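The values are calculated or read from the model by the stated rules, or taken from the named source; none is laboratory data. Predicted model only: the values in this text are computed from it and were never measured. Heavy atoms of the whole protein, side chains included, go into the accessibility calculation; ligands, DNA and RNA do not. Shrake-Rupley method; radii C 1.70, N 1.55, O 1.52, S 1.80 Å.
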Amino acid sequence: MNTGDILRKNLDNLGKENFKRFRVKLREEGSIPWNALEDADVSDTVDKMMQVFVEEAVPKAIQILESINVRDVAQEMSREWNPDCFKSEEPNLEIDRLIIDDQEDVTLWTHVTLQRFETLPDFTTNQIQALQKETGECEEATPENSGSVSVRQFLDSRGRCSNLRRLCEALKRVSRQDVVDVMHSQKTLLPKLGPKEKEEVKINDLKFSVWHPLTVALSVEREDGHDWRWLADKLGIPATYRDLWRQNCSNPAENVLNFWKIKIGEATMGGLFDHMIAMGREDLADLL
């Protein structure tokens, strides 16, 4: 079954309401305009996704399905996309529990994420030692051996690590961005992980491939006000500037971010991520 067939088959199974939620979430990603999605049927949507995401179309669909909590379809799509990761004939819906802040029912790793961990290179002894130093509160959880440790084993041993965001920063410092990226594929964890980029990176160093879709999506005014206007108000930008930008600018979010980084000062990736999460825009936080 090819990519297009996998997408069509599974999106057909969503039902009218979930398919609409899927298209809305896809629009929020910023890569496909709403006028191309609003009245699109399954075939049109698949064609657009194939044009924009090419070989990443199925992983993108799985990510969106997980984010809107349609996990049964996400699981089935994952099985069809990468069947070698699923050995049993029946879907294994069991999930491993990640305990955070000593709460037993907070966040869950899905099997899709755990399978992705298993595809990554093991941690070296030096990486383990550096991570222990950075995340001292979890040091006792490291398996007692001097050799390499698999990514899945390492993360399982940190089931009670109280600060996943600190762990993510430590992983970036030991050049294990691959692990950070897979952790971020578990969307339910996003608020606790922080940005994929290093926290201290200034927003003026944002790549255009991130800056453009972020500001375009943030510039779309929403009924709930969770857009560029919310951020401008949070940053204390005077109303006169906001009114001017609203009248004259097609991308006012760019003006907000430029004002922040020039006039206000410490505009970092970590700070922008926190604002997006506080605004309830996890779709935008996920870009960072």
Heavy-atom accessible area of THR268 with all protein chains present, probe 1.4 Å, nearest 10 Å²?
-> 30 Å²
For segment 226-268, average projected area of the Cα convex hull in nm² | 2.9 nm²
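Please compute the volume of the convex hull spanned by the alpha-carbon atoms of segment 21-82 and report it per residue in Å³. Kindly include the intermediate steps, with their values, before the conclusion.
Details: hull volume 4.7 nm³, N = 62.
With only Cα atoms used, segment 21-82 gives 75 Å³ per residue.
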Per-selection Kirkwood Rh - segment 190-288 (Cα, Å, 1 d.p.) | 13.4 Å
Residue by residue, what Karplus-based ³J(HN,Hα) values in Hz, rounded to whole numbers, does segment 178-191 have, using 6.51, -1.76 and 1.60 with θ = phi - 60° and x for Gly and Pro?
-> 4, 5, 4, 4, 5, 4, 6, 5, 8, 5, 5, 8, 3, x
How large is ³J(HN,Hα) for each residue in segment 62-74, as worked out from phi by the Karplus curve 6.51 cos²θ - 1.76 cosθ + 1.60 (θ = phi - 60°), to whole Hz, x for Gly and Pro?
-> 4, 4, 5, 4, 5, 5, 9, 6, 9, 6, 5, 6, 4
Residues with amide H under 5 Å from that of THR268, placed H, sequence gap 5 or more = ILE203
